[in-house]
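Have a look at the structure below before the remarks.
The values are calculated or read from the model by the stated rules, or taken from the named source; none is laboratory data. Worth saying up front: this structure is predicted, and the values here are computed from it rather than measured. Quick reminder, even Gly has a Cβ in these numbers, built from the backbone with ideal geometry, and neighbours come from all protein chains shown. In case anyone asks, the SASA skips ligands and DNA or RNA and just uses the protein heavy atoms, side chains included. Shrake-Rupley method; radii C 1.70, N 1.55, O 1.52, S 1.80 Å.
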Protein chains: 2
Amino acid sequence: MKRRILLQVAYDGTEYHGWQYQPGSKTIEGELNIALSALFGEPIQVIGASRTDAGVHGLMNIAVFDTDSTIPPDKVAYALNQKLPEDIRIQGSREVASDFHPRKTKTRKTYGYRIYNATFPNPLWNRYAHYTYFQLDLERMQQAAAYLVGAHDFQSFCAAGSTAETTVRTIYDISVEKEADCFVIKVTGNGFLYNMVRIIAGTLLYVGAGKIDPADLPAILEAKDRTKAGPTAPAKGLTLLRYEFEENL
Amino acid sequence: MKRRILLQVAYDGTEYHGWQYQPGSKTIEGELNIALSALFGEPIQVIGASRTDAGVHGLMNIAVFDTDSTIPPDKVAYALNQKLPEDIRIQGSREVASDFHPRKTKTRKTYGYRIYNATFPNPLWNRYAHYTYFQLDLERMQQAAAYLVGAHDFQSFCAAGSTAETTVRTIYDISVEKEADCFVIKVTGNGFLYNMVRIIAGTLLYVGAGKIDPADLPAILEAKDRTKAGPTAPAKGLTLLRYEFEENL
């Protein structure tokens, strides 16, 4: 009988064309399929949770796959890491219900967005932070962020061309903190529209730099118009930090 | 009249064969010479402070060069950053005395060594931390580190083949701290022997993993024998963090 195995996947997205499998392109999903198929000696295709964009990083994305193999589920992580490129590393593996689908299950996801803010760029943050020399005001960014908590129609924070049925999402928590020369935004929600976290980051960046007033956030939400929010911040500052499934598995 | 300009240089050392110029190899010094010569339209060779090894990073290494140009010294940083590869970024520039030599001036240097310690490697620390799954004991590492503070003969912590006249160095301060899943060692001293910080890191790693007793550190120092200390920890965990010149410039 096939068993369904869940993988917690961490990756540096710099060198990848995003999560989702694309023939002829280096993707996280593609590398997982290659490594799993080699490990188990049968063709395996994972089902992923979040299809992160090119350049976006993951500390905990989720993938599941089915296998007849009797290898203990918790050992899959160790064996698979031997087959994967160095910039993808499984952080854990376990068996789940055979009908568990990571995109059809209620979840809480947390994304982090990092901005390096100093007079000069720092090469040690090149890959993992967006750089700006505009001096940012932490308190203004925190004030603006607070307006986004709760259930809202986030159409103003959704890239054009999205096929989502509804643009209502719930943000449970959002924080903006200073860590040395970095501003770190963390957003936890039940789901995110296409580019939503990057548009939130770009909007908070504009707020911090004085280009948008914190008190304008309610009007930006109400407008349901992408052009009212700030720019889409670059992919490299974004990391999928945590996945929590609301059901018991 | 020639003026001497000092540069504060930050770099991700991953892709470089170290600081020091080598014909035919990509080095930090080589890239600085190329960019400065292009910027000023005359052949320029920098004098560097620390010749960091291949793979070692810098947040603040120091280089000086001489020029007839009348460009304001503090503007050199901005102009030079336009000419340099993305993984090298000048953090500041200013004029210094024309006889100032960064390797013949009394300094305090601070190095950081980062160890990522968890069940699985983290791809987002691949470039900047050494990974170990051995569980490390912070308190033991702190106890061992304390023995290294002060003026000591560090021959046991010096790579074979060093041509240093004396192996006595002074460590002003050494700290070991936990930051999430990382152990961060910071060492401030008046100078360091070849591979000295990496051997200190390797020794503290062995102490943390239970392979060396903290109380053995005095005997390891007294032995003046490289084989008594721990291994040389990998280059990628090491970053030159700070340079302080003891004289007024």
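Can you tell me which residue in the stretch A:166-192 is farthest from A:E244 (Cα to Cα), limited to those that are touching a Ser or Thr at 6+ places or on another chain (Cβ under 8 Å) and at pLDDT below 95?
Filtering first and then ranking leaves A:G191.
For B:I47, work out the one condition from (1) open to solvent by less than 30 Å² (accessible area, probe 1.4 Å); (2) among the aliphatic types (A, V, I, L, M); (3) within 21 Å of the chain's Cα centre (by Cα) it doesn't fulfil.
So the condition that B:I47 fails would be (1).
Could you tell me whether any residue of the stretch B:203-212 is in contact (Cβ under 8 Å) with a residue 24 or more places away in the chain, buried (at least 21 other Cβ atoms within 10 Å of the Cβ), within 24 Å of B:P121 (Cα to Cα) and among the polar types (S, T, N, Q)?
So far as the stretch B:203-212 goes, yes, one or more of its residues are in contact (Cβ under 8 Å) with a residue 24 or more places away in the chain, buried (at least 21 other Cβ atoms within 10 Å of the Cβ), within 24 Å of B:P121 (Cα to Cα) and among the polar types (S, T, N, Q).
Determine the pairs where a residue that is in contact (Cβ under 8 Å) with a residue 60 or more places away in the chain and within 14 Å of chain B (Cβ to nearest Cβ), located within the stretch A:36-57, has a partner that is open to solvent by 10 Å² or more (accessible area, probe 1.4 Å) and of a type in the set (S, T, Y) with Cβ atoms under 6 Å apart, the partner being 6 or more residues away or on another chain.
Between residues of the stretch A:36-57 that are in contact (Cβ under 8 Å) with a residue 60 or more places away in the chain and within 14 Å of chain B (Cβ to nearest Cβ) and residues that are open to solvent by 10 Å² or more (accessible area, probe 1.4 Å) and of a type in the set (S, T, Y), the close pairs are A:H57/A:T239.
All but one of (1) open to solvent by 10 Å² or more (accessible area, probe 1.4 Å); (2) within 13 Å of chain A (Cβ to nearest Cβ) hold for B:V76, so report the exception by its number.
(1)
Looking only at residues that are surrounded by fewer than 18 Cβ atoms within 10 Å (Cβ to Cβ) and modelled with pLDDT of 95 or more in the stretch B:23-35, which one is farthest from the other protein chains (Cβ to nearest Cβ)?
For the stretch B:23-35, the residue satisfying everything is B:S25.
Search the stretch A:108-122 for residues being in contact with an Asp or Glu (Cβ under 9 Å, 6 or more places away or on another chain) and buried (at least 18 other Cβ atoms within 10 Å of the Cβ), and hand back the single one that is farthest from the other protein chains (Cβ to nearest Cβ).
Result: A:K109.
Please go through (1) under 21 Å from A:R127 (Cα atoms); (2) open to solvent by less than 40 Å² (accessible area, probe 1.4 Å); (3) polar (S, T, N, Q) for B:S69 and return the number of the only condition it doesn't satisfy.
(1)
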